[in-house]
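Novice: Please read through the structure below; I'll follow up with questions.
The values are calculated or read from the model by the stated rules, or taken from the named source; none is laboratory data. Predicted model, so just to flag it, every value in this text is computed and none were measured. Note: ideal-geometry Cβ built from the backbone for every residue, glycine included; neighbour counts use all protein chains shown. Quick note on the areas: whole protein, heavy atoms, side chains included, nothing else; ligands and nucleic acids left out. Shrake-Rupley method; radii C 1.70, N 1.55, O 1.52, S 1.80 Å.
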Amino acid sequence: MTEYTSSRKRKIQDDLGINDAKEQSQLEKAKAKEEERRLRKAMRQAEIESSASYRMTKWIANTMDKYFLDPILGFVPGFGDTLTSVMSLPSIYVSLFQVKSIPLTLAVIFNILKDALIGMIPFWIGNICDLFNRCYLQNMRLIVGFVEDDKAIIDEVNRKSVWMAILIVIFCFLIYLMVLLVRKVVEWVGSWF
């Protein structure tokens, strides 16, 4: 009876296209494909981490935020904030051209603009606040999260990407207003002398 049941079961499985050997073959193909994907991802991660721009971004983040070079340069009128903004370009390059993520690039640009806006607050208040705003380390944390495939960071950045785009436009407008304000203040102080 058991032989009859198993042959009947095999017949039904064959009729339905269910076959243990076929299933096993599909499972092995899926495992091989997943392993190939992991290998490609590891190679891509190693390639990004060994690139000069990634290493430069890491060095800039450490130098600017850990050694407080960002707020120190901010004390140099006009030149300091411009230089610190230019020092952010490698992080934009890595996020856009190596990691190839638009949401990550938006988050990086948002952090840079936030840092620039804080640094523009007059009477050295912005420079003091800049001590506590570590935009370079924040950007590096996001970039490393994407390179190392940290799902929490990737999900957070992707979830906030639309808001980042909106806030980038708002911050650009606020920076424009701050430049106009500083220009008016300089003209006003210049009229005294």
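Novice: Relative contact order, percent, of the chain when contacts are C-alpha pairs under 8 Å separated by at least 6 residues? Could the numbers behind the result be given before it?
Specialist: Working: 150 pairs, mean separation 38.7, N = 193.
Dividing the mean separation by the residue count of the chain yields 20 percent.
Novice: How high is the FRET efficiency from residue 132 to residue 165, r the C-beta distance, R0 35 Å, rounded to 0.05? Write out the running numbers ahead of the final one.
Specialist: Values: r = 25 Å, r/R0 = 0.72.
Approximately 0.90, to the nearest 0.05.
Novice: Another question about this same structure. Please work out the FRET efficiency for the pair residue 173 and residue 52, using the Cβ-Cβ distance as r and a Förster radius of 41 Å; give the result to the nearest 0.05. All intermediate terms of the calculation are to be shown ahead of the outcome.
Specialist: Working: r = 35 Å, r/R0 = 0.85.
Efficiency for this residue pair is about 0.75.
Novice: Answer rounded, prolate or oblate for the range 103-146, using the Cα gyration tensor with square roots of eigenvalues a ≥ b ≥ c: rounded when a/c is under 1.5, else prolate when a/b is larger than b/c, else oblate.
Specialist: Taking the square roots of the gyration eigenvalues as a ≥ b ≥ c, the range 103-146 is oblate.
Novice: Between residue 124 and residue 12, what is 0.36 nm times their sequence separation minus the Cα-Cα distance? Round to one decimal in nm.
Specialist: Full-extension gain reported as 32.3 nm.
Novice: Can you give the direction-averaged projected area of the convex hull of the alpha-carbon atoms in the range 105-193, in nm²?
Specialist: One quarter of the hull surface, i.e. the mean projection, equals 6.3 nm².
Novice: Counting only protein heavy atoms and a 1.4 Å probe, tell me what percentage of the range 110-174's accessible area is made up of carbon and sulfur. Let's see the in-between values first.
Specialist: Working: 2620 of 3550 Å².
Heavy-atom surface of the range 110-174 belonging to carbon and sulfur, 1.4 Å probe: 74 percent.
Novice: Heavy-atom accessible area per residue, the chain, 1.4 Å probe: how many Å²?
Specialist: Ligands and nucleic acids excluded, the result is 68 Å² per residue.
Novice: Using only Cα atoms, tell me the angle between helix 2-16 and the longest principal axis of the chain; keep it within 0 to 90° and round to the nearest 10.
Specialist: Between helix and principal axis, roughly 50 degrees.
Novice: For helix 102-119, what angle does its Cα long axis make with the longest principal axis of the chain, in degrees from 0 to 90 and rounded to 10?
Specialist: 20 degrees
Novice: What ³J(HN,Hα) values, in whole Hz, does the Karplus curve 6.51 cos²θ - 1.76 cosθ + 1.60 give for the range 161-171 when θ = phi - 60°, with x put for Gly and Pro?
Specialist: 4, 5, 5, 4, 4, 5, 5, 4, 4, 4, 5
Novice: Which of the peptides 116-124, 149-157, 184-192 is most tightly packed, and how do the rest follow, judged by the mean count of other Cβ atoms within 10 Å per residue?
Specialist: So the peptides 116-124, 149-157, 184-192, ranked by packing, come out 116-124, 149-157, 184-192.
Novice: Next question. What's the ranking of 26-32, 177-183 by average number of surrounding C-beta atoms within 10 Å, highest first?
Specialist: 177-183, 26-32
Novice: Just how many pairs of Lys in the chain have C-alpha atoms closer than 23 Å, counting pairs that are eight or more places apart or on different chains?
Specialist: 24
Novice: Continuing with the same structure: Please state, rounded to one decimal and in Å, the Kirkwood hydrodynamic radius that the chain gives when every pair of distinct Cα atoms enters the mean of 1/r.
Specialist: Values: mean 1/r = 0.0493 Å⁻¹.
That comes to 20.3 Å for the chain.
Novice: Kindly provide the helix-only [θ] at 222 nm of the chain, computed as the sum of -39,500 (n - 2.57) over DSSP H runs of four or more divided by all residues, to the nearest 500 deg cm²/dmol?
Specialist: Values: 10 runs with 153 residues, N = 193.
Result for the chain, helices only: -26000 deg cm²/dmol.
Novice: Given H placed on each backbone N at 1.01 Å, which residues far from residue 121 in sequence or on other chains put an amide H within less than 5 Å of it?
Specialist: 126
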